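Below is one structure, written out as structure tokens; the observations come after it.
The values are calculated or read from the model by the stated rules, or taken from the named source; none is laboratory data. No experiment lies behind these values; they were computed from the predicted model shown. Glycine also receives a Cβ, built like all others from the backbone with ideal geometry; neighbour counts cover every protein chain displayed. Ligands, DNA and RNA are excluded from the accessible area calculation, which covers all protein heavy atoms including side chains. Shrake-Rupley method; radii C 1.70, N 1.55, O 1.52, S 1.80 Å.
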Amino acid sequence: MTLSEEATERLADVVELQPTKNSELQERWDMESGSEVHQYLENELGDYYFRDDNSLIRATAEANDLVDVEPGIESDPEDEGVPSRIRVPELQTQIVAVLAGPEEESESVVSVLHKLREEFNVDPEAEDVRSGLQSLRRKGVVEVEYRTVPTFRLTVDRDDLEVESSE
């Protein structure tokens with residue numbers, strides 16, 4: 001199956017963002033709905049992606065070979081699947097830099113937002129921070145603890161994780 005230029009670029013997005021959800025691809029591809037993303041995946045990229053046990057979108061090995069993009073996540077086989085390297089958007093790179101470590105008390109989205117403002121002089125929307133934290137959670141580098149509000153912390157020491165911006 002030969003892919004169009006657009007389909008190849010979108011497949012590269014799947015490889016880079018995996019594991020991902022329809023909503024992340026919807027935003028990246030500027031589509032109207034998650035249904036539109038699903039239709040595109042089925043019609044154009046059906047041979048190159050699958051959904052894992054958590055219904056997250058992942059690229060096949062063949063897809064990884066077809067595009068010239070580093071996978072969004074790499075794991076050390078000896079470390080039980082904890083990622084050793086991730087490629088994420090700039091905001092997520094910044095989140096990893098300020099988020100509480102594995103031995104620290106988890107923190108709220110608002111706490112992370114304030115740290116981002118202070119450390120990087122940026123002013124993202126709280127929803128963008130929440131979305132970034134959830135994306136990092138899907139990649140296995142952030143865990144959530146439910147208290148009065150959901151709180152987050154890294155699952156891995158910063159020194160053991162290589163974070164690269166994809167933007």
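Taking Glu119 as the residue in question, decide whether it is open to solvent by 30 Å² or more (accessible area, probe 1.4 Å), of a type in the set (Asp, Glu) and assigned to a helix (DSSP H, G or I). In short, yes.
Being within 18 Å of the chain's Cα centre (by Cα) and hydrophobic (A, V, I, L, M, F, W, C) is the filter here; which residues of the range 117-150 pass it? Residues satisfying the conditions are Ala126, Val129, Leu133, Leu136, Val141, Val142, Val144. Please tell me if Val129 is under 19 Å from Arg28 (Cα atoms) and at pLDDT 95 or above. Considered against the rule, which asks whether it is under 19 Å from Arg28 (Cα atoms) and at pLDDT 95 or above, Val129 comes out as yes.
Screening Thr60, Thr20 for residues that are surrounded by 13 or more Cβ atoms within 10 Å (Cβ to Cβ) and in contact with a Phe, Trp or Tyr (Cβ under 8 Å, 6 or more places away or on another chain) leaves exactly one candidate, Thr60.
Regarding Glu27, is this residue open to solvent by 40 Å² or more (accessible area, probe 1.4 Å) and within 30 Å of Ala126 (Cβ to Cβ)? Yes, satisfied. Among strands (runs of 3 or more DSSP E) entirely within the range 125-167, having at least 2 residues that are surrounded by 15 or more Cβ atoms within 10 Å (Cβ to Cβ) and out of contact with any helix residue (DSSP H, G or I) (no Cβ under 7 Å at 6 or more places or on another chain) singles out 150-154.
Within the range 100-115, is even one residue more than 21 Å from Thr20 (Cβ to Cβ), in contact with a Phe, Trp or Tyr (Cβ under 6 Å, 6 or more places away or on another chain), not charged (D, E, K, R) and not in a helix (DSSP H, G or I)? Looking through the range 100-115, at least one residue is more than 21 Å from Thr20 (Cβ to Cβ), in contact with a Phe, Trp or Tyr (Cβ under 6 Å, 6 or more places away or on another chain), not charged (D, E, K, R) and not in a helix (DSSP H, G or I). Residues in the range 28-76 that are in a strand (DSSP E or B) and farther than 17 Å from Arg87 by Cα: Tyr49, Phe50, Arg51. If I filter the range 120-136 for residues that are small (Gly, Ala, Ser), over 30 Å from Glu44 (Cα atoms) and in contact (Cβ under 8 Å) with a residue 12 or more places away in the chain, do I get at least one hit? Checked the range 120-136: at least one residue is small (Gly, Ala, Ser), over 30 Å from Glu44 (Cα atoms) and in contact (Cβ under 8 Å) with a residue 12 or more places away in the chain.
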